Amino acid sequence: MKKTKYTPGDYKLLVKRSLAGLGIFAGEDIPKGACLMEYFGRTLEPKEEYTINSKYLFEINSKKTIDGSIRENKARYFNHSCRPNAEADIVKGHVYIMSLRKIKKGEEVLYDYGKEYWNEYIKPHGCRCPKCSEKTTKPTTKSKAKAKATKK
């Protein structure tokens, strides 16, 4: 088989606990522009999109949606981020997860799920990506000063 830009590399990717549940982490340094994995699963009939109970749906276009809930699809564990280090490329009806920059060993691999998904599923519960979690857990200047004062 001829290798292309969209041939997934043999990178060590680990499924581990993350801020949003389970996530994919780099088990080694990954270069910018690398194809990490294909997101795959059963193609749904148009009527099924609205009746199926799956949170792993990936819309390719208005006529094709993939249900990626099958166990063999490890790409279902890539989480959303408002500051992603990867992206989903749709090529000829297939979805490939590509690195946007160098990803360091131990770093979670994340991509932006898009505005429609974000508004419908993430916004109502609050975003748990590293960027947004950082905002809610960062100590304020006042609490930093208080912490310094109590250390004495």
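Would you work out the charge dipole size for region 13-151 about its Cα centre, treating the Cβ of every Lys and Arg as +1 and the Cβ of every Asp and Glu as -1, and quote it to the nearest 20 debye?
Values: 28 positive and 17 negative charges, 242 e Å.
Roughly 1160 debye for region 13-151.
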Legend entry - With at most 16 other Cβ atoms within 10 Å, longest stretch of the chain clear of loop GluC sites (Glu not before Pro) (DSSP): 108-152
Legend entry - Entries of LYS16/LYS105; LYS3/LYS47; LYS3/LYS131 with Cα pairs more than 25 Å apart: LYS3/LYS47; LYS3/LYS131
Inset, instruction - Find how many whole Å separate the alpha carbon centroid of region 11-57 from the alpha carbon centroid of region 60-101. - result: 6 Å
Inset, instruction - Might you report the magnitude of the Cβ-based charge dipole of region 35-115 about its Cα centre, with Lys and Arg at +1 and Asp and Glu at -1, to the nearest 20 debye? - result: 240 debye
Legend entry - Linear extension gain, ARG17 paired with ARG83, 0.36 nm per residue minus alpha-carbon span: 21.9 nm
Inset, instruction - Note the listed values (i) 1.00; (ii) 1.06; (iii) 1.09, then indicate which one is Rg/Rh (Cα atoms, Kirkwood Rh) calculated from this particular structure. - result: (ii)
Legend entry - Candidates ALA34, ALA86, ALA20: whichever shows maximal mean-square fluctuation once the chain is modelled as a Gaussian network with Cα springs under 10 Å: ALA20
Legend entry - Nearest 10 degrees, 0 to 90: helix 141-151 Cα axis against the chain principal axis: 50 degrees
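For LYS3 and LYS64, calculate 0.36 nm times their separation in residues minus their Cα-Cα distance, and state this gained length in nm to one decimal.
Values: separation 61, 0.36 × 61 = 21.96 nm, distance 2.55 nm.
Once the chain is fully extended between LYS3 and LYS64, it gains 19.4 nm.
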Legend entry - Residue with peak Gaussian network fluctuation, the chain [Cα springs, cutoff 10 Å], from THR65, THR43, THR51: THR51
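Quick note: the coordinates plus some simple rules give every number you see, no bench work behind them. It should be emphasised that the depicted structure is a prediction, and the values quoted were computed from it without experimental measurement. Please note: Cβ atoms are built from the backbone with ideal geometry, for glycine as well, and neighbour counts cover all protein chains shown.
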